[in-house]
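Presented below is the structure to which this report refers.
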Amino acid sequence: MALRQLKHIEIHNFVPQTDLIVWCETMKTPENIGGIFRTAEAMGVTTIYWRNPQHDLRGQTVTTIARKTNRKIKSIVVQDPQASLMALKSQGYTVAALELTTASQNVYEVHLPAKLVLVVGSESMGVSQEVLALCDEAYCIPMYGIHTSINVATALGIGLSALRSLEKKL
């Protein structure tokens with residue numbers, strides 16, 4: 001069988017069944033911010049909350065890295081994590097941290113709620129204790145190497161892909 005790479009206009013995109021929002025702790029690098037935008041857009045995320053981002057979310061560097069997906073996804077800058085997460089909970093969202101905790105569930109085996117906020121941590125410190133205390137659940141990525149963490153944009157991509165794969169089981 002001869003394989004041929006598809007052109008963008010030939011690709012059929014999926015329709016998400018779960019309302020997914022991403023909530024980010026403070027991000028310091030434009031590479032991670034741009035990568036998060038690009039990955040979130042590919043996985044059907046419509047809104048990203050940013051806690052004190054260290055770069056202009058619409059600036060040239062982020063826009064270039066994001067391949068302009070930062071213009072498609074709604075961005076909300078958060079000063080008060082508690083107020084923003086409690087407001088989302090009042091709208092029926094489950095809040096889950098993508099973090100290694102004492103109660104983390106394998107992200108490939110969780111029960112996927114209809115409305116989910118996936119929280120990712122900062123590059124150096126992960127999800128803060130303040131934000132973890134506001135989460136309903138914690139998910140982790142099973143790892144096989146020596147290290148216990150991976151880049152935040154990469155982790156988000158794995159986490160969102162795992163969660164979207166669970167939709168087929170709904």
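Before moving on, here are some points about what is shown:
- A straight line joining the Cα centroids of the range 114-129 and the range 1-19 runs 29 Å.
- DSSP beta bridges in the range 17-167 [antiparallel fraction, %, rounded to 5]: 5
- Within the range 42-129: Cβ-based charge dipole about Cα centre, in debye rounded to nearest 20 (Lys, Arg +1; Asp, Glu -1): 500
- Here the Karplus curve 6.51 cos²θ - 1.76 cosθ + 1.60, taken at θ = phi - 60°, turns the phi angles of the range 118-131 into couplings of 9, 9, 10, x, 5, 4, 9, 10, x, 7, 5, 4, 4, 6 Hz, with x standing for Gly and Pro.
- Taking 7 Å steps out from each Cα toward its Cβ at Ile146 and Met125 produces label points 2.8 nm apart.
- Nearest-20 debye value, the range 17-167 charge dipole, Cβ charges on Lys, Arg, Asp, Glu: 620
- The chain - percent relative contact order, Cα under 8 Å, separation 6 or more: 27
- Whole-Hz ³J(HN,Hα) from phi, Karplus 6.51 cos²θ - 1.76 cosθ + 1.60, for the range 9-16, glycine and proline x: 6, 8, 8, 9, 8, 7, 9, x
- For the range 83-100 and the range 34-53, distance of Cα centres in Å: 16
- HN-Hα J in Hz across the range 69-78 - Karplus 6.51, -1.76, 1.60, θ = phi - 60°, x for Gly and Pro: 5, 5, 8, 9, 9, 5, 10, 10, 8, 10
- Top positive-direction residue, dipole computed over the range 11-170 with Cβ charges, set Pro81, Ala162, Ala96: Ala162
- Theoretical FRET efficiency, 1/(1+(r/R0)^6), r = Cβ-Cβ of Lys7 and Asp56, R0 30 Å, to 0.05: 0.35
- Candidates Val127, Val95, Val110: whichever shows maximal mean-square fluctuation once the chain is modelled as a Gaussian network with Cα springs under 10 Å: Val110
- Ranking Leu3, Asn70, Phe37 by Cα position along the charge dipole of the range 1-95, where only Lys, Arg, Asp and Glu carry charges on their C-beta atoms, puts Leu3 farthest toward the positive end.
Here, each number is a calculation from the coordinates, and none is a lab measurement. The model shown is predicted, which means the values in this text are computed figures rather than measured ones. All Cβ positions, glycine included, derive from the backbone under ideal geometry; neighbour counts span all protein chains shown.
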